[in-house]
Amino acid sequence: MKSITKSGFGIGILIFAATAIIALPVRTLQFFTVLESNTGFFAENDWSVYILATVCAVAILAFLILGFSKRKTLDYSLEAVKRPGQGILGFTAAIGLLMNAVDIFVKIMNSNSFAEDTKTTNLIFGMQAVFALLSAIYFVALGTSYISGKSNGSEYRLISLAPVIWSIFRLIFRFTRTISYIRVSDLMLEMIMLVFFILFFMAFAQVNSRVDAEKKEWKIAAYGLSSALLALLCFVPRFIVMITGNANLLHEQSPAEYCDFGIALFVISTVLTRVTVKLPENTTTEE
């Protein structure tokens, strides 16, 4: 794996790391202080609310500005070489997606399928589960390609859209919740995260498959780090709350979802190892 300083988006990686160091402990603290578990609302707008919102907003804005400013200089490595680290993280993402699909199937089986509103929810859930499985297959294929080094994964063009559609159905389900998206911090973070997941996976599918990929490399870096930061915020604090025996502090519709963590790790590895600096066009190879 390349060092941060040699990455085409090295400054962005440093901003990401600094923001995560600040935001994750603050978000974890909020579960024990200002978040109402039964509603997800902030009980009060204390200093932690303003700090979390500020550092996340500044970081995401920095990713977007930095990425767009480097749109002509960033490249994406399609070299078919062994990438064991990214391959393992591809399998990790696949496991998280399989867990998501299984969780959905269990919810559908335990629901009252005769109620009209439940039928709609189950339809959305069902489509999410199908594309979670397809996405898992895609990540297994990518992981296998990266570990073997025989392919760069660009041949999986059609199935590369599965994570995009999976994220869309996750987002649609959250829109069905009739509640204030702003006041419920978990829901707001999840929805923004899913928007960036959609943007990242669309750019990743285009660039990795070389379909209308010109000058879209910056989107992988900017959208990728934004989605990864929010995914870690949605998973890590909830996971800490859960393993410390305080699961009662979590809202029932916002558990720690392992798929978010697995994808965040894969995205970070992609930005670190695949986003590079574009070589000068007049560079030639001597025979």
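Taking only pairs six or more apart or across chains, which ones have beta-carbon atoms under 7 Å, a first residue in the stretch 13-28 that is more than 16 Å from Ala222 (Cα to Cα) and hydrophobic (A, V, I, L, M, F, W, C), and a second residue that is assigned to a helix (DSSP H, G or I) and open to solvent by 50 Å² or more (accessible area, probe 1.4 Å)?
Filtered contacts from the stretch 13-28: Val26/Ile51.
Out of the residues in the stretch 182-225 that are within 29 Å of Glu79 (Cα to Cα) and polar (S, T, N, Q), state the one that is farthest from the chain's Cα centre (by Cα).
Among them, the one singled out is Ser209.
Restricting to the stretch 11-40, count the residues that are buried (at least 17 other Cβ atoms within 10 Å of the Cβ) and either modelled with pLDDT of 90 or more or in a helix (DSSP H, G or I) (or both).
13
Ala141 is checked against (1) at pLDDT below 90; (2) open to solvent by 20 Å² or more (accessible area, probe 1.4 Å) and fails just one. What number does that condition carry?
For Ala141, the failing item is (1).
Which residues, taken from the stretch 40-91, are more than 30 Å from Gly143 (Cβ to Cβ), of a type outside the set (A, V, I, L, M, F, W, C) and out of contact with any Leu (no Cβ under 8 Å at 6 or more places or on another chain)?
Answer for the stretch 40-91, where residues must be more than 30 Å from Gly143 (Cβ to Cβ), of a type outside the set (A, V, I, L, M, F, W, C) and out of contact with any Leu (no Cβ under 8 Å at 6 or more places or on another chain): Glu44, Asn45, Asp46, Tyr50, Thr54, Ser69, Lys72.
Cβ-Cβ under 8 Å, sequence separation 6+ or interchain: first residue in the stretch 77-88 and without any contact (Cβ under 8 Å) to a residue 60 or more places away in the chain, partner in a helix (DSSP H, G or I). Which pairs?
What qualifies is Ile88/Gly143; Ile88/Ile147.
The values are calculated or read from the model by the stated rules, or taken from the named source; none is laboratory data. A quick note: this is a predicted structure, and the numbers were derived from the prediction, not measured. Positions of Cβ are backbone-derived with ideal geometry, glycine not excepted, and every protein chain shown enters the neighbour counts. Ligands, DNA and RNA are excluded from the accessible area calculation, which covers all protein heavy atoms including side chains. Shrake-Rupley method; radii C 1.70, N 1.55, O 1.52, S 1.80 Å.
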